[in-house]
1. Report the extension gain between Ser160 and Asp229 in nm, rounded to one decimal, defined as 0.36 nm multiplied by the number of residues separating them, less their alpha carbon distance.
2. Can you work out the PRE-style zone for Asp302? Point 7 Å along Cα to Cβ, and I want the residues of region 244-272 with backbone N under 19 Å.
3. Go through region 196-301 and name the GluC sites (Glu not before Pro) that are in a DSSP coil and have 15 or fewer other Cβ atoms within 10 Å of their Cβ.
4. Hey, got a sec? Which GluC sites (Glu not before Pro) in region 78-155 land in a DSSP loop and have at most 15 other Cβ atoms within 10 Å?
5. If r is the Cβ-Cβ distance from Asn52 to Asp240 and R0 is 45 Å, what FRET efficiency results, to the nearest 0.05?
6. So how do Trp71, Trp198, Trp334 line up by other beta-carbon neighbours within 10 Å, fewest first?
7. Taking every DSSP beta bridge that has both residues in region 255-376, what percent is antiparallel when rounded to the nearest 5?
8. Based on the mean of other Cβ atoms within 10 Å per residue, sort peptides 136-144, 294-302 so the most packed one is first.
Amino acid sequence: MHSSPLTIYSSSSKFPLYLLFLLSIILLSPWIGASENQFKLDGKVLELDESNLDAAISNFDYIFIEFYAMWCGHCKDLEPELDKAAPILARLKKPISVAKVDAIKYKKLAKKHEVDRYPTLKIFMHGVPTEYFGPRKADLLVKHVAKYIAPDVALLSSNSAIRDFIEEAGTNFPIFIGFGLNEAMIANLAVKYKTKAWFSVAKDFSDDIMTIYDFDKVPALAAIYPVYDEHSTFYGPFEDKFLEDYIKQSLLPLILHISEESLKSLKDDRRKILLTFIRDEADKKSKGFLEVLKASASANRDLIFGYVGVKQSEDFAESFEVNMETQLPKMIVWDGGDAEEYYTVNGSETIDGTDMGTQVSRFLEGYREGNVIQKRIVRLTLMKFITSQLGMIALLLVVVVPLSSLILSMFKKEPWTVGTRDKANAGRISSVKPVPETRGLRQATSVKED
């Protein structure tokens with residue numbers, strides 16, 4: 001009996017289709033394996049480009065990416081730090097991959113990811129980017145980047161859990177622990193300030209914990225800043241405004257060393273800075289005065305108490321008409337950042353060696369009463385600019401180099417042609433103009449390098 005053509009066709013067609021399926025798997029497997037190997041989490045810094053950046057972001061739950069420029073000095077400094085950090089970040093409980101992209105070569109990628117300075121650093125968490133502004137030394141970078149993927153609020157259920165949490169948090173960030181506090185009360189603020197502090201709530205704890213962390217009732221929110229050996233306690237009210245004010249104030253130590261980095265950290269803080277100039281940050285007498293300042297800072301958290309050593313930051317100090325000949329310590333009130341105005345208090349801006357606490361209190365009273373003199377930050381004079389390092393370089397470029405070229409040209413053997421001297425000199429005539437001061441702590445530049 002003959003089979004129908006339809007039956008023969010149906011049964012025979014299954015065989016080639018099966019072979020085709022197997023053949024597809026065999027042919028595709030090298031590419032699948034290559035893709036997996038390309039994004040292997042081996043602790044090395046990946047070099048990404050237009051062909052694989054999106055795939056890498058999709059492949060890793062967490063990936064830290066540097067967008068760099070070959071000519072950027074800061075990028076070159078960062079390269080060995082990323083090489084050190086990458087294997088450590090890869091070994092975390094929630095591993096973080098590290099990669100880099102040449103933003104000059106791949107301009108479309110730079111534009112897509114809003115790269116406007118070099119390096120631009122971003123961490124992608126489940127594909128969502130967050131820009132990173134933290135430290136760049138490997139050890140600190142690891143601690144700060146790991147903070148991004150930590151839980152918003154840790155739940156602590158015993159004395160040992162509290163101790164373990166504080167130990168694991170380290171010393172670089174302030175730590176907030178809500179004792180007997182509902183998690184929901186701090187959840188939103190914990191998300192908002194996640195990259196700046198650790199947040200937790202403790203439900204079960206003993207009287208020993210209350211003694212250690214210096215609170216006598218609940219609910220209470222304790223703020224601990226291990227690196228400065230500081231702690232404080234907030235008992236309410238726990239409405240958002242009051243709670244956020246306390247958290248924002250506690251993100252900083254009682255007295256803050258003013259530097260370029262610390263000024264950057266204050267860009268979102270609207271408080272004024274009570275800035276104290278001391279002679280030498282390493283001097284024992286100056287350190288003693290800083291302890292006096294701490295007591296006043298604790299009672300006046302609506303101000304940021306900052307200090308800077310004149311010996312360590314002479315140019316910055318001179319902006320406020322302070323130098324080593326000034327009677328020190330000297331106190332002013334400043335808005336910080338790019339603010340050009342600052343205030344002194346009539347008769348109370350300098351502090352002598354007797355009863356310094358009372359003198360600080362008198363300064364604060366005078367400021368709050370409005371007994372102040374408004375002043376403006378001093379710009380460099382032309383002579384100061386010329387004698388400064390930057391001025392010397394400018395002088396060399398504008399005057400010395402052209403003059404040297406002119407002298408050398410006089411010894412050339414070829415004869416002058418008519419009008420040669422006039423044309424040559426016309427291009428060399430220049431004038432030296434004073435330029436805005438580039439003080440170390442207030443330096444601005446048009447070069448997109450960060």
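Just so it is clear, none of the values below were taken in a lab; they were calculated from the coordinates. None of these values were measured; they are calculated from a predicted model. Cβ sites come from the backbone with ideal geometry, for glycine too, and all protein chains shown count toward neighbours.
1. Full-extension gain reported as 22.8 nm.
2. Within reach of a label on Asp302: 244-252, 254-255, 269-272.
3. Glu239
4. Glu114
5. For R0 = 45 Å, the calculated efficiency reads 0.55.
6. Going from least to most buried by this count: Trp71, Trp334, Trp198.
7. Approximately 60 percent, going by the DSSP bridge assignments.
8. 136-144, 294-302
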